[in-house]
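Written below as structure tokens is the structure these notes are about.
The values are calculated or read from the model by the stated rules, or taken from the named source; none is laboratory data. Treat the numbers as computed from the prediction; the structure is a model and nothing was measured. Please note: Cβ atoms are built from the backbone with ideal geometry, for glycine as well, and neighbour counts cover all protein chains shown. Surface areas here come from the heavy atoms of the whole protein model, side chains and all, with no ligands, DNA or RNA. Shrake-Rupley method; radii C 1.70, N 1.55, O 1.52, S 1.80 Å.
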Amino acid sequence: MNLVTKGINTENLPDAKGYFGEYGGSYLPPELEKVMQDVEKAYEEISKDPEFIKELKELNEHFTGRPSPVYHAARLSKAAGGAEIYLKREDLNHTGAHKINHCLGEVLLAKHMGKKKVIAETGAGQHGVALATAAALLGLECDIYMGEIDVKKEAPNVSRMKVLGAKVISVTRGTKTLKDAVDAAFEAYLKDPVTQIYCIGSVVGPHPFPMMVRDFQSVIGMEAREQMLSYAGSLPDAIVACVGGGSNAMGVFSAFLDDKDVALYGVEPAGKGLETGKHAATIQKGTVGILHGFRSLVLQDKNGEPLPVYSIASGLDYPGVGPQHSFLHSIGRVTYTTATDREAVEAFYALSRMEGIIPALESSHAVAYAVKLAKQLGKGKKILVNLSGRGDKDIDFVMEHYPLEEYEPEENLKDGYDEFLKHIGGEKN
């Protein structure tokens, strides 16, 4: 692929059938098999087309605002008292997150294929906003499926999608969150796979989507590699990214997979605690299964039905994970760990107070783990956090449900925040 620099894909995966080891593939009803083959063929064509690559590059630069900068979080690093923490500022992209990277590519692909409409699911709303933005830019219709709970929770992003001309369909069945939104979007796609295309929002789904989304997101890692060498003087000792479906993590990991001296950490949502069952830690607690057309680790019951999942971050509450993540876990190349809701909220407040950067709740999981890791690695080491999105969408929700001064006694966030700052060596504001 000309979209991906030579050598960054471990063992040239996926294979011709879309597998990363035992994970991936395409498990679809017969009526979608030919459609997906057409998508794969079209992607193979445009990914080698100099005109497509040029157009995507120009949009990334002049529309999205790439390259996104790498920033040294000096106060947070000093407070942590260990490794230096750097942030890859995907929150500064147009639309506020990494999602625009693959949405521009997918909508350009849709236009190349002669599609009239793009459809998608969204959890936190960032993928929905990015797809609606790309569709408005390139003149396509756009339908976004979103769980009813997330519609209420992420109201600012719902308004953005509507302003951009997208139709937002609230999904009221099941858990009313991301998994059900994916189900509804797939059903809509089945009804008309000819004039519309399902633009999957992460490195999940049937082949070729895990590969395509990774390739479009690989711009994060390619930029970060050059930026760390020029700005920090060396590659990072560790890279940390949150993992739901896993697109932002695969984007930044992709350029470092062959660098064995660079440790990679994927942070899943532990929610209210792994022991409570109210989490979405797929790699930590999942088993091999098939979900939404691909084989991977899945949080499922003994009958193979997806379990209800939970996270404070709407973009992370998905019962599956990208097949390449499952593969990287199986070979031990990436260490997958977790952060709880409380840790994420504490990191949300800490980064805001100490660096003037309000992170998305999804990204806050990565920040929380990076602070712990900084202490473990010690001075002289460097950690790069992929700050996948900004927290504008989360401010109202956090302030209403997790105010510093009004928290449950057994889990008092005001005290927790003080303890967190004390824990990392900072000062109370």
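Close contacts from segment 162-184, counting a first residue that is touching a residue at least 24 places away in the same chain (Cβ under 8 Å) and over 22 Å from L28 (Cα atoms) and a second that is in a loop (DSSP other than H, G, I, E, B) and open to solvent by 50 Å² or more (accessible area, probe 1.4 Å), with Cβ to Cβ under 6 Å and a gap of 6+ residues or different chains, come to T175/P308.
Only one of the numbered conditions (1) surrounded by 24 or more Cβ atoms within 10 Å (Cβ to Cβ); (2) without any contact (Cβ under 8 Å) to a residue 24 or more places away in the chain is violated by E346, and that is (2).
Counted as qualifying within segment 219-289 are the helices (runs of 4 or more DSSP H) with 2 or more residues that are over 30 Å from K302 (Cα atoms), namely 219-227, 247-253. Being open to solvent by 60 Å² or more (accessible area, probe 1.4 Å), under 26 Å from L32 (Cα atoms) and of a type in the set (S, T, Y) is the requirement here; does T172 meet it? So T172 passes the test. Per the listing L297, L274, L307, the residue uniquely over 19 Å from Q217 (Cα atoms), crowded, with 24+ Cβ neighbours inside 10 Å and out of contact with any His (no Cβ under 7 Å at 6 or more places or on another chain) is L297. The condition of being at pLDDT 95 or above and either surrounded by 24 or more Cβ atoms within 10 Å (Cβ to Cβ) or over 27 Å from A166 (Cβ atoms) (or both) holds for only one of A79, A73, that being A73.
Could you tell me whether S314 is assigned to a loop (DSSP other than H, G, I, E, B) and open to solvent by less than 20 Å² (accessible area, probe 1.4 Å)? Against the criterion (assigned to a loop (DSSP other than H, G, I, E, B) and open to solvent by less than 20 Å² (accessible area, probe 1.4 Å)), S314 qualifies. Within segment 53-92, being over 18 Å from L384 (Cβ atoms) and assigned to a loop (DSSP other than H, G, I, E, B) holds for G65, G81. In segment 53-79, the residues that are closer than 17 Å to S230 by Cα reach residues that are among the polar types (S, T, N, Q) and crowded, with 20+ Cβ neighbours inside 10 Å with C-beta atoms within less than 8 angstrom, at least six apart or across chains, in these pairs: R66/N60; R66/N93; S68/N93.
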